[in-house]
Every structure is written in structure tokens, then in C-alpha cells.
1. Hey, fewest Cβ within 10 Å first, where do 47, 281 land in order?
2. Could you line up 215, 185, 93 from fewest to most neighbouring Cβ atoms inside 10 Å?
3. Taking the DSSP beta bridges in region 32-187 as the whole, what percent of them are antiparallel, to the nearest 5?
4. State the Cα centre-to-centre distance between region 60-118 and region 203-230 in whole Å.
5. In nm, to one decimal, how far is the modelled label at residue 260 from the one at residue 195, with both set 7 Å along Cα→Cβ?
6. Cut-off is 10 Å between beta-carbons; in what order do 111, 144, 139, 243 appear when sorted fewest neighbours first?
7. What residues from region 84-113 fall in the zone where the backbone N is under 19 Å from a label point 7 Å along the Cα-to-C-beta line of residue 68?
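Here, each number is a calculation from the coordinates, and none is a lab measurement. Everything quoted here is computed from the prediction, not taken from an experiment. Counting neighbours? That spans all protein chains shown, and the Cβs are built from the backbone with ideal geometry, glycine included.
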């Protein structure tokens with residue numbers, strides 16, 4: 001009887017193990033973990049290049065490049081040939097870059113799409129990335145960028161990068177994600193806006209590269225890096241030009257004098273913009289009544 005009981009127990013345990021194994025296999029077979037992607041590029045009036053790659057691994061610090069399919073790597077591709085820039089697209093990328101499907105797994109929980117941009121223009125350019133992706137559940141999404149706001153004119157020496165990092169948070173839950181990135185590369189243009197009643201009271205005139213500027217209703221106008229912006233006031237002389245922060249504190253003195261001279265005319269080289277970040281602005285201080293005029297830079 002004991003042998004019979006042991007035999008029945010063993011058979012029951014074996015059946016239970018098989019059932020658990022079967023359930024485990026069936027559960028795993030229903031989990032779908034995939035990423036599809038499309039990246040489109042547009043370049044307007046600039047000479048530039050783009051390259052791309054896909055990376056995957058257990059964590060962001062231990063990734064290996066995915067090369068299972070040839071199109072998971074985008075070699076450096078330019079939008080110009082023989083000195084002629086393409087009207088919009090990068091040569092050969094008119095339909096964008098479509099890397100093959102990439103799969104998550106228990107040991108590959110992180111996937112990165114990396115894009116590198118270089119500038120071959122004679123002027124700085126900027127890269128704008130619009131993420132239209134449809135995010136799957138159970139995926140953490142991060143965008144990591146470097147130098148996208150301004151790539152200097154240094155014949156491709158300086159790179160700008162964009163990384164889209166996807167981290168799977170639970171390998172037992174089905175998920176997928178459709179990546180849709182729209183990327184444009186453009187010549188940098190800044191909008192300068194004058195403010196304060198002093199603008200009207202002082203009879204201020206503005207010149208860009210010695211050409212008179214007709215300000216719009218917002219007292220604003222556009223410039224490019226390297227342009228020379230000059231300001232004059234028919235009713236006053238300039239006392240100083242400063243960089244101030246949002247609290248009104250002086251961050252840097254560009255020009256300052258205690259001496260008045262008739263027909264004040266001052267020029268500012270708008271080529272160094274980093275100090276105008278984070279709410280900083282140019283402040284022009286005039287002698288009469290110590291009236292000032294703020295100049296805002298809008299990217």
C-alpha cells in the first residue's frame with residue numbers, strides 16, 4: 001500500500017511539474033516585445049551630415065551595437081554632393097531611415113537609437129527633433145541630447161547627438177513601441193525684441209550690418225550669428241550696455257562710460273549667445289533720466 005501511495009504521489013508531482021512547465025511556456029509565448037522605427041530628415045539651406053546606430057544591452061552602461069540587419073546602421077550620409085546642397089533631403093534618405101525591428105528580452109532591457117549630426121556649412125546650424133512616437137506600456141523613454149541648439153561652422157569637426165533610450169520595466173508583460181522621429185536641420189536665426197517705453201521716448205533706431213531695420217509691431221527683428229546689430233538714440237547718449245539676469249542683476253558689462261558724446265551710435269556683435277541663456281538679456285542704459293531699454297533674444 002505504501003509503494004502504491006508513493007507511486008501515485010510521484011505521478012502526481014510529475015504531472016504538476018509538467019503542467020507548470022507547460023503554463024510557463026504558454027505564458028512566455030504570448031509575450032511580445034518589439035520596437036519598430038521610422039526617422040525622417042529635412043535640411044533647409046545647410047550643408048550637413050547624419051549617421052545612426054541602434055544599441056542594446058542589460059543596462060545603459062553595457063550596450064552593444066545591433067548589427068543583425070544592415071539597415072540598423074546608418075553610415076554618415078550628407079545632403080550635398082559636388083558642392084551642391086540638396087533642396088531638402090539627405091542623399092539616399094528621401095524616405096527616411098527605417099531600422100529593422102529590434103526585440104527586447106530578459107537580458108536586453110535597454111535599447112538606444114543614436115543619431116550624430118555634423119555641420120559643413122559656413123555658419124552655425126541647429127537640429128530640431130520632433131518625437132511623434134507612440135509609446136508602448138511598460139517602457140521608460142528618455143531623450144538625451146548634446147549640441148543640438150548650435151553646431152558651429154567648423155567643417156564637420158564638432159558633432160551634435162540625439163539619443164532615444166528605451167528601458168523595458170517588466171519582461172513578463174507584452175509591449176511594443178512605434179518610433180517616429182522627424183528631424184530638421186536649419187540655419188540658426190535669432191529674434192531680437194526691444195522692450196520698455198524708453199524705446200519710444202528715446203527715438204531709438206536699429207541697424208543690422210549697417211542697414212536700417214523697420215521694426216514690426218512687436219519691436220522685433222531677426223538676426224543670424226555674426227551679424228552686427230547697432231543701436232542709436234536721437235534724443236540721448238548711451239551710458240552702458242550690460243547683460244542682466246531676470247532679477248535685474250548685472251551678469252556682464254559689455255560697454256560703460258561716464259562721458260556723453262553727441263550722436264551716440266553703438267554696435268554689438270551678436271555672435272556669442274550662451275551668456276544670454278536662462279532668462280538673461282541685454283540692457284542699454286541711456287544718460288538722460290537713466291532710462292533703459294531691454295533687448296531680449298528669442299531662439
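1. In increasing order of surrounding Cβ atoms, one gets 281, 47.
2. 215, 93, 185
3. Roughly 80 percent of the DSSP beta bridges within region 32-187 come out antiparallel.
4. Centre-to-centre distance over Cα atoms comes out at 41 Å.
5. Going by the 7 Å Cα→Cβ label model, 2.8 nm.
6. The most exposed by this proxy come first: 144, 243, 139, 111.
7. Counting backbone N atoms under 19 Å from the label point, the list is 98-113.
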